[in-house]
Amino acid sequence: MARSFNLSLILFVLYLSTAAIAMARNLEEESSGDTKFIKASCETTSYPDRCFQSLSSYASEIKKQPRKLAETALAVSIARAKSAKTYVSEITDYKGITKRQHEAVADCVEEMGDTVDRLSNSLKELKHLEEGDSGEEFWFCLSNVRTWTSAALTDETTCLDGFGGKAMNGELKSLIRTRIVSVAEETSNALALINDFASKH
């Protein structure tokens with residue numbers, strides 16, 4: 001009786017172990033597939049390495065959904081833009097800042113504020129769209145998303161243009177440029193992924 005019970009217990013434990021291993025493998029394969037989807041999608045962008053680095057950690061949420069991928073890319077862009085806006089606004093206390101630099105910084109803060117607003121509008125609009133939709137309202141909303149995201153990219157470029165010319169060269173310009181270029185690359189990637197989503201409809 002005891003041997004029979006022990007044998008049943010051993011078989012039960014083996015069954016659980018096998019099931020757990022199979023489940024782990026399935027999850028690993030699914031996760032790997034989701035990551036590969038992001039990797040392949042990012043190859044369509046202008047900055048694929050940055051794209052994959054920014055979005056791969058969200059693979060389990062994105063799955064293999066083009067709309068969710070575009071949404072996540074926009075959310076990442078918004079977070080970067082907010083951070084850049086805060087950083088640039090705090091740099092007005094930069095030691096030795098000239099009047100022209102101060103004006104360029106103030107303009108940049110305004111441009112980054114516009115960027116955040118436009119990207120936020122894009123994300124809200126994109127969330128209204130459903131996978132598989134292709135009606136007139138779908139394309140109207142998608143047109144808004146593209147327009148706002150493109151405008152956000154223009155805002156970021158305008159910020160950098162404010163620091164053009166040799167007179168603006170120096171550490172201040174370099175610090176701001178690094179932050180804004182990062183946001184611009186994220187926004188460019190988001191726009192590419194939005195267009196990729198659109199191409200599937």
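Any read-out appearing in this document is the output of simple, stated calculations on the displayed coordinates, not a laboratory observation. All values derive from a computational prediction rather than experimental measurement. Positions of Cβ are generated from backbone atoms using ideal geometry, with glycine treated the same way; all protein chains shown enter the neighbour counts.
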Give the calculated FRET efficiency between Ala75 and Ala40 to the nearest 0.05, with a Förster radius of 22 Å applied to their Cβ-Cβ distance. 0.60
Applying 1/(1 + (r/R0)^6) with R0 = 25 Å to the Cβ-Cβ distance of Ser174 and Glu110, what FRET efficiency is obtained, to the nearest 0.05? 0.75
Please enumerate, by chain and number, the lysines with C-alpha under 22 Å from the C-alpha of Lys127, excluding those fewer than 8 residues away in the same chain. Lys63, Lys64, Lys68, Lys82, Lys200
In whole Å, how far is the Cα centre of the stretch 131-193 from that of the stretch 32-107? 10
Report the calculated FRET efficiency for Asp196 and Asp117 (r = Cβ-Cβ distance, R0 = 25 Å), to the nearest 0.05. 0.55
Please work out how much length the chain gains when fully extended from Arg146 to Asp49, using 0.36 nm per residue of separation minus the C-alpha to C-alpha distance, in nm with one decimal. 32.7 nm
Here the stretch 169-183 yields Karplus 3J(HN,Hα) values (6.51, -1.76, 1.60; θ = phi - 60°; whole Hz; Gly and Pro given as x) of 5, x, 4, 4, 4, 4, 5, 5, 4, 4, 5, 6, 4, 4, 5
